[in-house]
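Trainee: Got a structure for you, written out below as C-alpha cells; questions coming shortly.
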Amino acid sequence: MTLVIENISKKIQNKQVLKNVNFELHKGEIVGLVGRNGAGKTTLFGTLSGELLPDFGRVGLDGIDYLKTTKRHDQLFYIDMPDNWLRYYSPKRIKAILKVAYKDFDEAWYDAEIKRFGLNNSKQIKTYSKGMRALFMIILSFASRAQYILLDEPLDGLDVLIRDQVKQLIVNQVMEQQTTVLIASHNLVELDTLVDRILLLKNQTIDRTFAIDENKDVKKYQLAFVGQELPAFLRETGTIIAQTGHVVTIVFNDFTEDIGIKLASQEFKFVEELPISSEDIFRASFAEEAYAWQQELEGEI
C-alpha cells in the first residue's frame, strides 16, 4: 500500500504556500519532513488529511483519490497541535469519540500506554503540560491503527528520558504494525536517528528527497587556510558552519572536481573530510539564500 501525493497546490489568502508537491509514502517507513519556518509543512499536513482542500492535485491510495472518496477515511491520522478540540476532553472521553471514527481503534493498547506513561485518564488534555500533551497525541495516533500517521513536531516539549522512550515506541509500532509515519520536525539530529529518508520542503514544493548515504555530492570538510583572508571560492561554493581563526568547517551542496583541486592547493594547511548529517544537508540546501543574505548585509555596512 502506497500513498501517492501528486501535484498538490494550495493558496492561502492569495499566497502560494504549496505548488506541485509530489512524493510517495510506502508501507512501514518513517519519513521526515523539514523546511524553514513558514515553508508550508503544517499546510501540507492539513491538505493531506483533508482539513484543507487543495486547489489542485490529488492524494492517491489504492488507485483512488483519498480526499474525494467516501470509503475508509480512517486510513490516515492527523490532528493539528497544540490547540485543537481534544484539549477540552479527557483521554477516557477521547477514546469513546475516536472509536467511532476509527474502526480498528486499539482500546487495550491505548489504555496500557496511558497507564504506562502515568497520564491522568480523567483530566482534560488542556491541564496537561506541553510534554504530556505531545506524548498523549503520539499514543492516540498509533492507537487509531491508521495506516498513515502524520506527526507535527512530536518530540517537542519532551524531556530526554521520555523522548527516548517515545522514539522507541514509534519504531516499535512501525515494525509491529507496518505503519507509515511522516514526521515534521525542526530537530534534524533527532530525525537522523529515526527516519529512513527526509523530504525537504523549499520554494513551495519538495525540493529534494534524501537519505544520508545517497547524497554523494554533499561534502563536509574541516580545513585551515593560509593567509589573512578566507579564500573567496569557499563562500561562493559552500556553507560555512563554523569558523575559529583560520580553521573552518564547511559544507558543499554540490561538490565538484574543481573544488577538490582548489582544496588540494597551497592555500590550505590541512583539509579533512567529516561525516555528513541531515542538518548539514539542510544547511547546504539553503546555501544560496544564506550567501545572498550575507552579501546584502555586507553591502549595507
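Trainee: Go through L223, L200, L230 for me and flag whichever is more than 27 Å from S144 (Cβ to Cβ) and within 11 Å of the chain's Cα centre (by Cα).
Mentor: L200
Trainee: Something else about it: Considering K68, K99, K103, K92, which residue is closer than 30 Å to K123 by Cα, without any contact (Cβ under 8 Å) to a residue 24 or more places away in the chain, more than 22 Å from the chain's Cα centre (by Cα) and open to solvent by 40 Å² or more (accessible area, probe 1.4 Å)?
Mentor: K99
Trainee: Cβ-Cβ under 7 Å, sequence separation 6+ or interchain: first residue in the range 46-60 and under 19 Å from I79 (Cβ atoms), partner among the aromatic types (F, W, Y). Which pairs?
Mentor: Taking only residues 6 or more apart or on different chains, the pairs are S49/Y78; V59/Y66.
Trainee: Of the residues L151, L44, L158, L119, which is open to solvent by less than 50 Å² (accessible area, probe 1.4 Å), at pLDDT 90 or above and more than 26 Å from Q204 (Cα to Cα)?
Mentor: When all the criteria are applied, what remains is L119.
Trainee: Against the condition crowded, with 20+ Cβ neighbours inside 10 Å, touching a Ser or Thr at 6+ places or on another chain (Cβ under 9 Å) and of a type outside the set (A, V, I, L, M, F, W, C), how does D192 come out, does it pass?
Mentor: No: the conditions fail for D192.
Trainee: Still on this model: Can you confirm whether the range 200-208 contains a residue that is open to solvent by 40 Å² or more (accessible area, probe 1.4 Å), touching a strand residue (DSSP E or B) at 6+ places or on another chain (Cβ under 7 Å) and more than 30 Å from T43 (Cβ to Cβ)?
Mentor: No.
Trainee: Something else now. How many of the residues in the range 214-242 are polar (S, T, N, Q) and either closer than 13 Å to S265 by Cα or in contact with a Lys or Arg (Cβ under 6 Å, 6 or more places away or on another chain) (or both)?
Mentor: Number satisfying all stated conditions: 1.
Trainee: Restrict the check to the range 257-264 and report whether at least one residue is modelled with pLDDT of 90 or more, over 22 Å from the mean Cα position of the chain (by Cα) and acidic (D, E).
Mentor: Checked the range 257-264: at least one residue is modelled with pLDDT of 90 or more, over 22 Å from the mean Cα position of the chain (by Cα) and acidic (D, E).
Trainee: Then there's this: Scan (1) within 30 Å of K10 (Cα to Cα); (2) modelled with pLDDT of 80 or more for the single condition E288 breaks and write down its number.
Mentor: The one condition E288 does not meet is (2).
Trainee: Exactly one of (1) at pLDDT 90 or above; (2) in contact with a strand residue (DSSP E or B) (Cβ under 8 Å, 6 or more places away or on another chain); (3) open to solvent by less than 30 Å² (accessible area, probe 1.4 Å) is unmet by G60. Its number?
Mentor: (1)
Trainee: Which one is surrounded by the most Cβ atoms within 10 Å (Cβ to Cβ) among residues in the range 166-186 that are touching a helix residue (DSSP H, G or I) at 6+ places or on another chain (Cβ under 9 Å) and at pLDDT below 90?
Mentor: Within the range 166-186, the match that is surrounded by the most Cβ atoms within 10 Å (Cβ to Cβ) is S185.
The values are calculated or read from the model by the stated rules, or taken from the named source; none is laboratory data. If you're wondering where the values come from, they're calculated on a predicted model, not measured in any experiment. Quick reminder, even Gly has a Cβ in these numbers, built from the backbone with ideal geometry, and neighbours come from all protein chains shown. Just the protein is used for accessible areas: all its heavy atoms, side chains included, with ligands, DNA and RNA removed. Shrake-Rupley method; radii C 1.70, N 1.55, O 1.52, S 1.80 Å.
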